[in-house]
Amino acid sequence: MKISVAPKYFQEAAHYFTEHGTYTKYPYGTYQFDEFWEEETRRCKEGFTHGNLYIPGSYYFYLNYTQIELKNPNTGRKSSGFPLFTDVDLEYFTFVEKARKEQKGIALVKPRRIGFSYKSAAIIAHEFSFYRNAKCIIGAYQSQLSENTMRMSLDDLNFLDLHTEWGKERNPNTKDFVKARYKKTVDGVVAWAGYMSEIHSFTFKDNPFAAIGKSSNLFLFEEAGKWPGLLQSYNISEPCWKDGDDLIGVPIIQ
């Protein structure tokens, strides 16, 4: 994939935050403030084009609104920072968007420890933050693998809570299940309100039926190379992302 546009144009929000510690100079409640966040919301949902290059909304979100561990070449130490723009990442996020449009799943062949859990966690956080009633599932054979990606997604959501207008109250808010909702009292009646989006983290080691009964807009099979019986778990979980013969979600095996 040839990139003929300077990547910096796709991370202006991230560069501004790095320099100023905030995403916009405009005060809360002003027209300019609201306009800024409306435009950023549009980019995160519809994607962003500069010159002849389009990037999906989820990739724009990943580049500008998530933090990952980066190695400082001068000190050799790691610290949090925004992801770098790469053609490999652009291809991954584009495949996910294409799979959703074409009602297909994704099986990803890759080496380990190249940061794909960060990307998948960002896609989960993106779905949770921008789409009402979204349901996301992170599954793995071993608990530490699903919990690790879930932790990354929660880190993304916490960053949004602190620095953006997209933060959402979560109840419950645990390491294996979060739901975007809050209690609201109307005429003396207490009810749940909010986005109602969800993220579940499941371990399949002792239970290939772990996700039975759930529905999912995104179903992530994490660390497939370390998953004995992956095909069985996949086949049993298939109704989570299907409605009859139609795919209502995207399964991602990586």
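The values are calculated or read from the model by the stated rules, or taken from the named source; none is laboratory data. Everything numeric here is computed off the predicted structure, so don't read it as measured data. Methodologically, a virtual Cβ is constructed for each residue, glycine included, from the backbone with ideal geometry; neighbour enumeration extends over all protein chains shown. Accessible surface is based on the protein model in full, side chains and every heavy atom, while ligands, DNA and RNA are left aside. Shrake-Rupley method; radii C 1.70, N 1.55, O 1.52, S 1.80 Å.
I'd like to check something: does segment 107-120 contain any residue that is open to solvent by less than 20 Å² (accessible area, probe 1.4 Å), closer than 13 Å to Phe219 by Cα and touching a Phe, Trp or Tyr at 6+ places or on another chain (Cβ under 7 Å)? No, segment 107-120 contains no residue that is open to solvent by less than 20 Å² (accessible area, probe 1.4 Å), closer than 13 Å to Phe219 by Cα and touching a Phe, Trp or Tyr at 6+ places or on another chain (Cβ under 7 Å). Residues of segment 121-141 that are open to solvent by 20 Å² or more (accessible area, probe 1.4 Å) and under 12 Å from Glu222 (Cβ atoms): Tyr141 alone. State yes or no: is Lys205 exposed (fewer than 12 other Cβ atoms within 10 Å of the Cβ) and among the charged types (D, E, K, R)? When the stated conditions are applied, Lys205 does not pass them.
Pairing each residue of segment 136-161 that is farther than 18 Å from Ile252 by Cα with any residue that is aromatic (Phe, Trp, Tyr) and open to solvent by less than 10 Å² (accessible area, probe 1.4 Å), provided the two are 6+ apart or on different chains, yields C-beta distances under 8 Å for Asp156/Tyr65; Leu157/Phe128; Phe159/Tyr65; Leu160/Tyr65.
Take Ser237 and decide whether it is of a type in the set (Ser, Thr, Tyr), touching a strand residue (DSSP E or B) at 6+ places or on another chain (Cβ under 7 Å) and assigned to a helix (DSSP H, G or I).
Yes.
Scanning segment 240-254 for residues that are in contact (Cβ under 8 Å) with a residue 24 or more places away in the chain, outside any strand (DSSP E or B) and open to solvent by 60 Å² or more (accessible area, probe 1.4 Å) yields one hit, Ile248. Whenever a residue of segment 17-43 is on the phi > 0 side of the Ramachandran plot, its partners that are surrounded by 10 or more Cβ atoms within 10 Å (Cβ to Cβ), lying with C-beta atoms within less than 9 angstrom and at least six residues away or across chains, give the pairs Gly21/His163.
Looking for something of a type in the set (Asp, Glu), in a helix (DSSP H, G or I) and surrounded by 22 or more Cβ atoms within 10 Å (Cβ to Cβ) - is there at least one such residue anywhere in segment 150-170? If you could, list the steps in order and put the result at the bottom.
Going through segment 150-170, the residues of a type in the set (Asp, Glu) turn out to be 155-156, 161, 165, 169.
Those still in the list that are in a helix (DSSP H, G or I) too: 155-156, 161.
Still in the running and surrounded by 22 or more Cβ atoms within 10 Å (Cβ to Cβ): 156.
Checked against the condition, which is being of a type in the set (Asp, Glu), in a helix (DSSP H, G or I) and surrounded by 22 or more Cβ atoms within 10 Å (Cβ to Cβ), segment 150-170 yields at least one hit.
For Leu220, state whether it is crowded, with 20+ Cβ neighbours inside 10 Å and either touching an Asp or Glu at 6+ places or on another chain (Cβ under 7 Å) or not β-branched (Val, Ile, Thr) (or both). For Leu220, the condition - crowded, with 20+ Cβ neighbours inside 10 Å and either touching an Asp or Glu at 6+ places or on another chain (Cβ under 7 Å) or not β-branched (Val, Ile, Thr) (or both) - is met. Quick check on segment 189-220: of everything there that is assigned to a loop (DSSP other than H, G, I, E, B) and among the charged types (D, E, K, R), which residue is farthest from the chain's Cα centre (by Cα)? Filtering first and then ranking leaves Asp206. Identification of helices (runs of 4 or more DSSP H) wholly contained in segment 2-100 with 3 or more residues that are surrounded by 11 or more Cβ atoms within 10 Å (Cβ to Cβ) and hydrophobic (A, V, I, L, M, F, W, C) yields 12-20, 31-46. In the condition set (1) within 17 Å of Ser153 (Cα to Cα); (2) touching a helix residue (DSSP H, G or I) at 6+ places or on another chain (Cβ under 7 Å); (3) among the polar types (S, T, N, Q), Thr24 is compliant with all but (1).
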